[in-house]
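The values are calculated or read from the model by the stated rules, or taken from the named source; none is laboratory data. Small disclaimer: the values here were computed from a predicted structure and weren't measured. Please note: Cβ atoms are built from the backbone with ideal geometry, for glycine as well, and neighbour counts cover all protein chains shown.
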Amino acid sequence: MTMHGMRGLSVFISDVRNCQNKDQERLRIDKELGNVRNRFKNEKGLTPYEKKKYVWKMLYIYMLGYDVDFGHMKAVSLISAPKYPEKQVGYIVTSCLLNENHDFLRLAINTVRNDIIGRNETFQCLALTMVGNIGGREFAESLAPDVQKLLLSSSCRPLVRKKAALCLLRLYRKNPDIVNVDGWADRMAQLLDERDLGVLTSSMSLLVALVSNNHEAYWSCLPKCVKILERLARNQDVPQEYTYYGIPSPWLQVKTMRVLQYFPTIEDPYTRRTLFEVLQRILMGTDVVKNVNKNNASHAVLFEALALVMHLDAEKEMMSQCVALLGKFIAVREPNIRYLGLENMTRMLMVTDVQEIIKRHQAQIITSLKDPDVSIRRRALDLLYGMCDVTNAKDIVEELLQYLSSADFTMREELSLKAAILAEKFAPDLSWYVDVILQLIDKAGDFISDDIWFRVVQFVTNNDDLQTYAAAKVKEYLDKPAVHETMVKVSAYILGEYSHLLARRPGCSPKEIFSLLHEKLPTVSTTTIPILLSAYAKILMHIHPPDQELQSQIWAIFNKYESCIDAEIQQRAVEYLALCQRGAPLMDILAEMPKFPERKSSLIKRAEYSEADTAEQSAIKLRSQQQTSNALVVTDQHPANGATSPISVGELSLVKVPSMITSENDTSTDLSQQNGALSNVDTQPPSADLLSDILGPLAIEGPPGATVQSEHNAISGLEGGSDAVDGSAIVPVEEQTNTVQPIGNVAERFHALCLKDSGVLYEDPYIQIGIKAEWRGHHGRLVLFLGNKNTAPVVSVQAIILTPAHLKMELSLVPDTIPPRAQVQCPLEVVNLRPSRDVAVLDFSYKFGTNMVNVKLRLPAVLNKFLQPIQVTAEEFFSQWRSLSGPPLKLQEVVRGVKPMPLPEMANLLNSFRIMICPGLDPNPNNLVASTTFYSESMRAILCLVRIETDPADRTQLRMTLASGDPTLTFELKEFIKEQLISIPTAPREAAPAPAAAQPTPQIPPNDPAAILAGLLS
Amino acid sequence: MVFSLFSEGENKVLCWCFFYVTLAFIILMLYEMHFEKVIRELGGVILSRGPKLCNFVDWRGFKVVYKRYASLYFCMCIDQDDNELEVLEIIHHFVEILDRYFGSVCELDLIFNFHKAYYILDELLLAGELQETSKKTVARLIAAQDSLVETAKEQASSISNIIAQATK
């Protein structure tokens, strides 16, 4: 054969290879780069041969891993050379040196296109190859039609068409729109009739990509694929050169079966039968042979057939055949087949219900866990993880634990995580679970992430029966001579909480427990010391009667750490010491931790989202799909709880008991409430700013326990009273069953909002509802701002507006869930139909953790919002006043029990209701005259006139006269103003005397309960 | 699909490699990681594996299918759900074609004629997919390319002869 080498290139390569070390090599390379650079500078003197040579040298240097930052243009320019040899070098070097986003590539697009549409098929091939390897989006947009033409052209030879097919595949991956051409699917189907197997193989690759994205368009290809498969499998009419070790193109067979896996089913019975015959033949007719390549090729086909059978989920008979085959494979000597056997068993678990049959092979799979090949061990681990359920969890987890000691370091973390998840999911009893985790920590402490020990602490805290057992168990581990630090952490926590339960056992006196823990202190890092200090404080608290000696010992330790350089340790030492010395309050602060809210296991979450190793993902995904978890483990019931690493946050506060109280309103709220010395969030003044609270430093992770705080009871009691006095048609009835108490006084917030247009309507530890309103005539637009103050989502959010008959209200969609720390805005449109004092109510409910909260809140879409102040002249006022001569258009009433206030204050009050005081109209300085317009849909604008005559001698009574062109409006407005003037908290309703004039009956639609109620009360 | 090839040496783990990248996310990954680093890392994983183990390893969420021929390792990086054995035989198919072309191929053949290896690979794989499964066809196409280059060279030399004679 001809070796038309390049001497210069060969010399350079052997020079580089002969370099003794990296420095020499670098030197040689630098020299060459300098040389090439110089030669390129002076282009005219370069022959085509030299150009080629230097470009090859550049490529070689690049392949060795050196940066080549010049000469790219030279490579690109060779593409447009007229002769084949230069063009060829140009295309190949460009494909290697440039990526698809390189600017120079754009310069070449035109040349490339000319080569593709030109007549020279060798040029076409070169151009298609480069585009197929590095073509980007721009190429897809400008070249796709030309490439499609080549693929479908009957005049092109196969060598061009097969390249066109794969080039199109590349362009399709860059821009899937390129196949959105009429009739493309039909042409694809036609391509499958191709006789040339090179073109057919390439087209099949293209088809795999197309159907994987959208199989719907390509149904017509399905029978053709089956036909091709049949033709190949029966070895009909396949040219000798397309057989590989006697097997008719195994690659084409594999690709064809791949295509079929993207169709959900095969409807046509004939096609289906044909396909199953072929598959049956492949499954049964594949024997293990001596020749490695033949064996590999035939098994490549076999495994693809298995995948197809699994996908089509055929007659169960075939499925069990598959499992039997796989069972055979996992026991063979050939490592590749063993590996694939395990891998495919894991895949099989995902698609069909064959768990029981696979379980029969458990022993063999466990043997594979000890395989010399780490790749095989990984697959075995995946499979064991996937096939684990309640019945075999004990065996499998025990095997994993055993294997842990001998496993490679690269696998230990994965292994321990998987063992921990399985132990949690399928624990036959929780003490076993504790055993497993402690063993894990003992055997592979370095590989145990914090999540794992946090989780066991959660279980122990939440299960009373487990506490004594866990305490005894960790003590056993602590007795061992060498203990991992993670074990010290978990032991310190558990013994701090529960060692008193062991107090009567030998060797478990508080003193002994303390010294056992304290022994470990010199060996641990600063992250563990705080946990130990907490444990000491808790142990001390549990001793009855106090042990002076132990106390002084522990105090001495706190004393010592009071000046520790680590802020966390120092803070704890100072606080614990102060608490200890106080005596009594210590009891409460250091009481047992409350139960944790149920959460989805962060381990499982971590496993689900782990991106590091997608190999394991399949099995984990599969696990999470199978909800066979047993009843003991209730962790999955509240998946909405805690969006981001719930355990780490929750656990943080758990471990840092008192020091966190000041900043975190967590499960320890009740403790801080009882201890007045520590301030609590709830006592902060409620902020009027909508955002400041939401974005404030609160970080409430889980819902607090059912703690009813006394101060809030007082508030709600007060509120109840005021509501009764208030006499509005509908009053918010605070759900007394709610364990969540509002922050601030709901009634006051409402009254404030009646006067202003934005503010907070409601607030509790989880949520804040703000309102912003705009009023124009009889229209109003309110926006409710629902803000979640927590780091966990608020779910099952429901907002229903109970609309009184005189309003038309439309609330936009309220989302079901408010994400953590998010605020959603819900616009609410209001139209006022006619005058009424009825109040719309927002029935708002949500769920946070296990708390279902429901509140009914009055909305400040009240009568005065539809008023517009208007300035009238004395003339206008008096002519109107006179024309509205008496009831029902003009009403007068003597009001008693008025909140005593100076006249200017009353004037301000009226002004704030948009009833405009007209000074100087009434000659008597003790009287007020005011005017306003009322807007409603039925009546548009109506002028209302008000006169209030006060008695300077008795400020608690006054006479009020109202006049307007509408009897209902007159009455309603009079009542409204009266409500505002009488003293709210104290005045009993009876104080209001019957109206002096005959009362007009307000129009009450019979079906409106709110209005009826209003009618009854007034 | 990444196609690479490297050989064992004392200081130089990698002798050289081919890269054919198709899937967008692999491209991203490769551009973030320097090419040399990919090879060094992958080389570390593969060279540490003893004989008689299977031909597949997990690597950065992909699978790498590799095969050793004397001191040369050929490897391909594939997706998790690709058919491993099929890819393994693509490697062998490539080696057989190289063998046929060079006549009992050895490492030095590939090093000194790396551009040839590129030509051959371009006839075998495109867009990361297998393009031609017939050894005969590939051989024929490469031979045709060679003869094109030869012809061009002869023409060039004959032209230069003519010019040389004319200028005498």
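Condition (residue is assigned to a strand (DSSP E or B) and of a type in the set (Val, Ile, Thr)) applied to region A:898-911: is it met by at least one residue? Break it down stepwise before answering.
Residues of region A:898-911 assigned to a strand (DSSP E or B): A:898.
Subsequent filtering for residues that are of a type in the set (Val, Ile, Thr) retains A:898.
There is at least one residue in region A:898-911 that is assigned to a strand (DSSP E or B) and of a type in the set (Val, Ile, Thr).
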> Name the residues in region A:286-327 that are of a type in the set (Lys, Arg) and at pLDDT 90 or above, would you?
Replying inline: A:Lys294
> Hey, does region A:288-308 have a residue that's within 11 Å of chain B (Cβ to nearest Cβ), more than 19 Å from A:Arg379 (Cα to Cα), in a helix (DSSP H, G or I) and of a type in the set (Ser, Thr, Tyr)?
Replying inline: yes
>> Quick check on my filter: what residues within region A:19-78 are small (Gly, Ala, Ser), within 14 Å of another protein chain (Cβ to nearest Cβ) and not in a helix (DSSP H, G or I)?
In response: A:Gly65
> Could you list, in sequence order, the residues of region B:148-165 that are more than 9 Å from every other protein chain (Cβ to nearest Cβ) and at pLDDT 80 or above?
Replying inline: B:Glu154
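Of the residues A:Arg582, A:Arg572, A:Arg599, only one is at pLDDT below 80 and under 30 Å from A:Gly445 (Cβ atoms); which? Explain how you work it out, then say what you get.
Values: A:Arg582 fails: under 30 Å from A:Gly445 (Cβ atoms); A:Arg572 fails: at pLDDT below 80.
Just a single option satisfies the conditions, and that option is A:Arg599.
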>> Every residue in region A:172-209 that is facing chain B (nearest Cβ under 9 Å) and either farther than 27 Å from A:Glu230 by Cα or touching a Cys at 6+ places or on another chain (Cβ under 6 Å) (or both), please.
In response: A:Arg173, A:Lys174
>> For region A:279-286, check the following and say yes or no: at least one residue is more than 24 Å from A:Arg161 (Cβ to Cβ), hydroxyl-bearing (Ser, Thr, Tyr) and more than 9 Å from chain B (Cβ to nearest Cβ).
In response: yes
> What is the one condition in (1) within 9 Å of chain B (Cβ to nearest Cβ); (2) more than 24 Å from A:Ser10 (Cα to Cα); (3) of a type in the set (Val, Ile, Thr) that A:Ile92 does not satisfy?
Replying inline: (2)
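Against the definition (touching a strand residue (DSSP E or B) at 6+ places or on another chain (Cβ under 7 Å), within 11 Å of another protein chain (Cβ to nearest Cβ) and either closer than 28 Å to A:Val179 by Cα or surrounded by 20 or more Cβ atoms within 10 Å (Cβ to Cβ) (or both)), how does A:Thr122 come out, yes or no?
Working: touching a strand residue (DSSP E or B) at 6+ places or on another chain (Cβ under 7 Å): no; within 11 Å of another protein chain (Cβ to nearest Cβ): yes; either closer than 28 Å to A:Val179 by Cα or surrounded by 20 or more Cβ atoms within 10 Å (Cβ to Cβ) (or both): yes.
It is false that A:Thr122 is touching a strand residue (DSSP E or B) at 6+ places or on another chain (Cβ under 7 Å), within 11 Å of another protein chain (Cβ to nearest Cβ) and either closer than 28 Å to A:Val179 by Cα or surrounded by 20 or more Cβ atoms within 10 Å (Cβ to Cβ) (or both).
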>> Tell me yes or no: at least one residue of region A:538-553 is buried (at least 21 other Cβ atoms within 10 Å of the Cβ), over 21 Å from A:Asp588 (Cβ atoms), modelled with pLDDT of 85 or more and not hydroxyl-bearing (Ser, Thr, Tyr).
In response: no
> Looking at region A:444-461, is at least one residue basic (Lys, Arg), closer than 17 Å to A:Leu422 by Cβ and either assigned to a helix (DSSP H, G or I) or touching a residue at least 60 places away in the same chain (Cβ under 8 Å) (or both)?
Replying inline: yes
>> Just the residues that are more than 9 Å from every other protein chain (Cβ to nearest Cβ), touching a Pro at 6+ places or on another chain (Cβ under 7 Å) and under 25 Å from B:Val87 (Cα atoms), please, taken from region A:238-278.
In response: A:Val238
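Can you say whether A:Gly8 is within 13 Å of chain B (Cβ to nearest Cβ), surrounded by 19 or more Cβ atoms within 10 Å (Cβ to Cβ) and small (Gly, Ala, Ser), as far as the supplied structure shows? Give the derivation first.
On the way: within 13 Å of chain B (Cβ to nearest Cβ): yes; surrounded by 19 or more Cβ atoms within 10 Å (Cβ to Cβ): no; small (Gly, Ala, Ser): yes.
Judged against the criteria, A:Gly8 is not a match.
Out of the residues in region B:125-139 that are assigned to a helix (DSSP H, G or I) and at the interface with another protein chain (Cβ under 9 Å from one of its Cβ atoms), state the one that is nearest to A:Val254 (Cα to Cα). Before you say what the answer is, go through the steps one by one.
Initial filter on region B:125-139 (assigned to a helix (DSSP H, G or I)): B:135-139.
Remaining after also requiring at the interface with another protein chain (Cβ under 9 Å from one of its Cβ atoms): B:135-137.
Working: B:Lys135: 19, B:Lys136: 21, B:Thr137: 21 Å.
In this case the residue turns out to be B:Lys135.
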